[in-house]
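In what follows, a structure is listed as structure tokens, so that the remarks can point back to it.
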Amino acid sequence: MSPLLPPHRTFRERLRQVLTWTASAVFLSGTSWFVVDQIAHGRTFQVASVDFTGNERADSVQLRHLADVKKGIHLFNADLARAVRGVERHPWVKTATARRKFPGAVEIDVVEHRPVMLLAIGDLWLVDDTARVFKRADSNLLDFPVLSGVNPALFDTNPDVTRAIVSEALDLYTAVSTDKHLAVSDLSEIHFDDRTGFELVLRSGSEVVVGFTDPRAALDRLNRIREQGLDLFSPQRVDLDVGSVAIATPLQ
């Protein structure tokens with residue numbers, strides 16, 4: 001028995017199928033062209049807003065000006081790298097990232113500096129939690145411990161040395177903030193002397209000489225003598241930079 005063969009299609013049937021395929025291809029091509037044209041030129045994908053997240057101290061109007069993304073520009077033509085560089089020029093902005101948000105917005109996420117100390121160099125300058133000096137302090141931002149004793153000339157002529165001093169002062173500040181008995185709220189000033197090192201000046205008037213030693217080890221010694229009865233609320237000068245002991249002297 002011979003196998004069944006598909007019926008032979010007539011020329012008219014083949015022509016109808018070819019025309020159907022052609023019409024479908026033309027329709028899909030036209031639709032694709034329309035979609036591409038709308039994306040490239042349609043008003044739907046024009047930038048209508050530049051939005052910011054994460055900024056608390058940096059004003060959105062100022063950031064928008066620095067980003068310089070023009071409204072009405074096509075979303076794909078917005079230079080996000082340039083916008084980020086502009087936003088990061090704001091003194092409060094530590095880092096920024098940007099993304100396109102369809103159909104017509106640019107969203108820029110901001111990470112701001114977190115101030116923890118003041119640096120006294122002529123004026124008072126804000127220092128963030130990475131030891132970066134980033135902005136002159138306003139009158140409403142003075143409730144931080146002050147790092148004093150840094151030579152202003154050194155700040156101008158040898159910024160790397162100044163940065164190292166600020167970084168070590170931040171380590172000392174961090175040690176105080178994680179100490180069990182001493183709190184940052186007790187701290188008024190961190191004084192630096194290029195001969196004797198660092199000294200904590202407490203709000204009570206007590207002075208704690210840490211020197212160039214490991215601040216955590218020094219504070220451990222301080223806590224041991226506090227447990228033995230030392231009262232830092234009564235002005236004392238405590239020298240922790242004398243090896244494994246500590247020397248406390250009442251201040252008049």
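Some notes on this structure:
- Yes/no for Ala131 being within 29 Å of Gln62 (Cβ to Cβ), buried (at least 16 other Cβ atoms within 10 Å of the Cβ), of a type outside the set (Lys, Arg) and within 21 Å of the chain's Cα centre (by Cα): yes
- Val150 satisfies every condition listed in (1) touching a Lys or Arg at 6+ places or on another chain (Cβ under 8 Å); (2) of a type in the set (A, V, I, L, M); (3) at pLDDT 90 or above except (1).
- Qualifying residue in the range 68-78 (condition: without any contact (Cβ under 8 Å) to a residue 12 or more places away in the chain and more than 10 Å from Val50 (Cβ to Cβ)): yes
- Residues in the range 59-98 that are more than 15 Å from the chain's Cα centre (by Cα), hydrophobic (A, V, I, L, M, F, W, C) and part of a loop (DSSP other than H, G, I, E, B): Val69, Ile73, Ala78.
- Evaluation of Thr97 against the conditions (1) assigned by TED's automatic domain parsing to the domain that holds Val184; (2) without any contact (Cβ under 8 Å) to a residue 40 or more places away in the chain shows that the sole unmet condition is (1).
Okay, residues lined up against (1) assigned by TED's automatic domain parsing to the domain that holds Asp186; (2) surrounded by 14 or more Cβ atoms within 10 Å (Cβ to Cβ):
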site: Gly104; (1), (2): no, yes
site: Asp123; (1), (2): yes, no
site: Leu141; (1), (2): yes, yes
site: Asp156; (1), (2): yes, no
site: Glu168; (1), (2): yes, yes
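- Within the range 131-159, considering residues that are without any contact (Cβ under 8 Å) to a residue 24 or more places away in the chain and of a type in the set (Ser, Thr, Tyr), the one nearest to Glu189 (Cα to Cα): Ser139
- Pick from the range 145-154, criterion touching a strand residue (DSSP E or B) at 6+ places or on another chain (Cβ under 6 Å) and not in a loop (DSSP other than H, G, I, E, B), ranking: surrounded by the fewest Cβ atoms within 10 Å (Cβ to Cβ): Pro152
- Taken as a whole, the structure leaves Leu142 outside the set of residues that are under 21 Å from Leu170 (Cα atoms), in a strand (DSSP E or B) and of a type in the set (A, V, I, L, M).
- Of all residues in the range 170-215, exactly one satisfies the criterion of being part of a loop (DSSP other than H, G, I, E, B), crowded, with 19+ Cβ neighbours inside 10 Å and hydroxyl-bearing (Ser, Thr, Tyr), namely Ser206.
- Given (1) over 16 Å from Leu118 (Cα atoms); (2) among the charged types (D, E, K, R); (3) at pLDDT 95 or above, index of the condition Asp220 fails: (3)
- Residue match in the range 22-45 (condition: at pLDDT 95 or above and hydroxyl-bearing (Ser, Thr, Tyr)): no
Yes or no, residue by residue, for (1) at pLDDT 90 or above; (2) not hydrophobic (A, V, I, L, M, F, W, C):
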position: Asp138; (1), (2): yes, yes
position: Ala164; (1), (2): yes, no
position: Glu168; (1), (2): yes, yes
position: Asp186; (1), (2): yes, yes
position: Arg195; (1), (2): yes, yes
position: Val242; (1), (2): no, no
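The values are calculated or read from the model by the stated rules, or taken from the named source; none is laboratory data. Treat the numbers as computed from the prediction; the structure is a model and nothing was measured. No Cβ is skipped: glycine too gets one built from the backbone with ideal geometry, and neighbour counts run over all protein chains shown.
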